[in-house]
1. Within segment 73-83, is even one residue in contact with a helix residue (DSSP H, G or I) (Cβ under 7 Å, 6 or more places away or on another chain) and either among the acidic types (D, E) or open to solvent by 40 Å² or more (accessible area, probe 1.4 Å) (or both)?
2. If you check A696, A680, which single one turns out to be part of a helix (DSSP H, G or I), free of Cβ contacts under 8 Å to residues at least 40 places away in the same chain, surrounded by 18 or more Cβ atoms within 10 Å (Cβ to Cβ) and not aromatic (F, W, Y)?
3. Residues of segment 235-277 being under 15 Å from A225 (Cβ atoms) and in a strand (DSSP E or B), which ones?
4. Please go through segment 147-169 and give me each residue that is in a helix (DSSP H, G or I), surrounded by fewer than 17 Cβ atoms within 10 Å (Cβ to Cβ) and not charged (D, E, K, R), ordered by number.
5. With the checklist (1) open to solvent by 30 Å² or more (accessible area, probe 1.4 Å); (2) under 30 Å from Y97 (Cα atoms); (3) not acidic (D, E) in hand, flag the one item V592 doesn't pass.
6. For segment 453-490, enumerate the residues that are surrounded by 23 or more Cβ atoms within 10 Å (Cβ to Cβ) and among the acidic types (D, E).
7. For segment 645-655, how many residues meet the condition of being farther than 24 Å from V588 by Cβ and outside any strand (DSSP E or B)?
8. Just to be sure I understand the filter: pairs with C-beta atoms under 9 Å, separated by 6 or more residues or on different chains, first member in segment 98-126 and farther than 26 Å from D619 by Cα, second member among the hydrophobic types (A, V, I, L, M, F, W, C) and in a loop (DSSP other than H, G, I, E, B). Which pairs pass?
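The values are calculated or read from the model by the stated rules, or taken from the named source; none is laboratory data. Predicted model only: the values in this text are computed from it and were never measured. Cβ placement follows ideal geometry from the backbone for every residue including glycine, while neighbour counts extend to all protein chains displayed. Accessible surface is based on the protein model in full, side chains and every heavy atom, while ligands, DNA and RNA are left aside. Shrake-Rupley method; radii C 1.70, N 1.55, O 1.52, S 1.80 Å.
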Amino acid sequence: MQDRVQDASPRDPAAGELVAEVMNVRFTVPDGDFAVLDAVAEDGEQVVLVGALGHVREGESVAVAGGWRSHARHGWQFAVERVRICEPVSEAAVQSYLQSVKHIGPLAAARLVDRFGAGEVIAAIDRDPERALGALPGLGSRRLAAAVRSWRDQRELRELRLFLDTHGVDAASAGRIARHFGAGSIARLQREPYAICELEGIGFATADALARALDTPLDAPDRLAAGVMHALDQAQGDGHCHLPRGELAQRAARLLGGGADDVVADAIDMLAARGRVVADAAGRVAEARLHAVEQRLAAHARALLHSDPALELADVERPREGQFVPSDDQWRGVTQALEHRLSILTGGPGTGKSATMRALVDLLKDAKHRARLCAPTGKAARRLSELTGADATTIHRLLEWAPDEGFTRDASHPIEGCDVLIVDEASMLSVHLAEALLAAVGPRTHVLLVGDIDQLAPVGPGRVLEDLLAAEVPSTRLTEVFRQAARSLIVRAAHAINAGELPELVVGEDDVRDFFLIGRDGPQAIFDQVCELAVTRLPGHYGLDPAADVQVLAPMHKGPLGIDALNSELRARLNPDGAPIPGSGLRVGDKVMQTRNSYEHDLFNGERGVLLHHDPDGDRVMFAGEDGRRVSLPVDALDTLKLAYAATVHKAQGSQARAIVVPIYRGHHIMLTRNLVYTAVTRAQDVCVVVGERAALQLAVRRADARLRYTRLRELVAEA
């Protein structure tokens with residue numbers, strides 16, 4: 001049934017509702033949202049359900065609302081807009097549901113149904129899972145304990161989904177809510193419905209629907225406070241460290257609905273009085289914890305700027321011959337790092353940032369001083385080591401994160417063995433990470449921040465590198481593109497894009513032809529060309545591993561050329577036979593990316609790797625990171641991993657791949673900016689191919705990313 005295409009027209013193409021039993025989960029997106037299910041309707045018709053069904057399991061019955069559609073490639077499908085989980089009814093559905101429990105196979109499921117009956121088996125196991133499951137032959141004590149835990153988890157999830165459905169909340173949120181709140185989720189939500197706002201991907205609207213179903217008044221203080229805090233949280237997602245009071249009030253009022261304008265101001269004052277926000281005399285409002293982080297970061301930067309240099313280097317001479325002879329600007333970058341405890345080196349591709357860092361590292365080594373190097377991501381750290389010849393690590397590992405303690409390196413326990421700390425890809429630093437890093441700088445350590453300010457702004461709040469430059473931290477900007485680098489069409493294309501011009505592909509005799517533009521019109525033609533390049537043409541021509549060495553970068557997740565669609569197709573071609581990992585939507589052999597910091601498992605946002613092995617008995621998966629590490633993860637921790645054959649340009653910051661493929665399409669116009677295309681192109685080490693519509697590329701290169709970020713770091717650092 002898994003490969004069946006629904007060719008025949010449905011019996012009632014106008015039907016807007018169905019009740020069906022799920023027989024097979026054909027496909028799920030690893031973020032637990034979109035899924036394709038094979039099901040059987042009440043009248044026996046086989047149907048394919050598509051939509052936000054990632055939480056639905058085999059053997060469950062669902063009542064769905066939506067509509068039929070005919071897909072050119074996959075045939076007839078019922079596109080689900082709303083779903084309600086029902087208890088399984090038929091014997092086949094009950095057996096299928098029982099098999100979703102750990103260590104319960106088809107034979108054990110059949111025995112349970114024979115013993116208790118299809119209509120009573122679920123209730124019987126609910127009453128005493130140890131006794132009911134313990135009667136199965138061959139289920140030892142270890143497997144029995146795991147099966148009982150699995151059953152109890154599913155029972156709580158069933159009860160939670162029923163509670164949420166009864167109160168008008170989409171059941172797709174239930175899994176994340178259950179994982180976050182654990183035992184007692186229902187009681188917690190009855191007391192504090194707006195607590196679910198703190199979950200990533202579950203916003204104010206979902207919490208508000210639940211609260212309203214529980215008869216929470218429109219003007220309830222908790223509701224107003226939740227609306228204001230969610231507006232600030234959304235602002236952080238946009239990169240802001242605060243909002244002007246008027247803009248915050250407008251954003252919150254839009255969330256809270258009509259009539260909220262008059263009471264939002266009172267809610268802001270109430271939150272300020274409770275210490276949850278900080279409202280200053282200039283009319284700026286910040287979430288209290290973020291406000292404190294920005295204040296501390298500024299204090300660290302001021303302390304470094306106002307302290308005397310700690311290095312004692314006599315007779316530092318500029319190299320005049322040898323493998324690397326620095327330019328005036330490059331040498332200025334080296335000497336500033338020696339003369340100031342905080343300095344910045346910035347510049348575009350081909351301007352010699354890496355050579356300058358290497359010259360500094362070599363000089364310090366010759367003088368018996370110690371440099372330590374770090375970058376925000378593992379891939380960037382490894383690349384930094386290759387370019388400078390010195391060991392480099394990620395910032396998180398430099399600061400020695402411990403799951404129960406946080407960063408163990410701080411002012412009381414600073415980074416050791418470090419006379420100069422060199423931080424590459426510093427344009428990626430959010431205020432949170434920058435504050436933690438500078439807090440751990442020892443009393444005699446110099447800090448050099450290195451980055452390209454023309455790349456995309458950091459994913460988190462703030463614009464640290466830009467603000468420090470604006471605060472007149474001693475800095476050097478490299479602008480000269482050196483002759484060897486200028487042979488690269490990638491370097492020339494990047495500089496043209498940064499200047500707001502289309503790349504000129506005039507190839508000279510000595511040029512390195514490593515950048516290509518392939519014109520294609522329409523999303524399907526672009527999609528097909530991107531996949532062909534990533535899977536076949538580039539690996540074949542350059543001798544690359546298509547999964548490890550080729551990276552597709554696109555601006556958006558959704559749509560015909562979005563990350564989700566590209567990942568689905570690329571996985572189908574590159575890992576068609578990977579064994580499914582139950583409960584995750586992932587397969588053994590998948591290329592994946594960590595999507596947020598998982599301190600418990602020592603994996604951080606943006607880290608990539610491959611899922612090497614699944615141990616069904618231990619319910620664990622082996623993750624092989626790009627930095628060579630092997631991490632054993634429980635299956636329930638895989639919800640923070642997503643497919644990474646294709647990724648957003650934002651997620652690729654700080655990383656590189658030997659080959660980069662970039663689709664450019666007018667449908668992405670909201671995201672198309674000069675900074676985005678520039679960042680994508682500069683991720684390529686050996687070759688970059690841009691595929692798409694010339695008009696879309698013209699739109700992107702002519703449109704600088706002028707989105708304002710509300711920050712205070714510049715003025716705070718400049719304070720006396």
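1. Scanning segment 73-83 turns up no residue that is in contact with a helix residue (DSSP H, G or I) (Cβ under 7 Å, 6 or more places away or on another chain) and either among the acidic types (D, E) or open to solvent by 40 Å² or more (accessible area, probe 1.4 Å) (or both).
2. A696
3. V277
4. Result: T166, single match.
5. (1)
6. D467
7. Residues flagged as farther than 24 Å from V588 by Cβ and outside any strand (DSSP E or B) within segment 645-655 amount to 5.
8. Note: pairs meeting the criteria are R115/A135; A118/V89; G119/V89.
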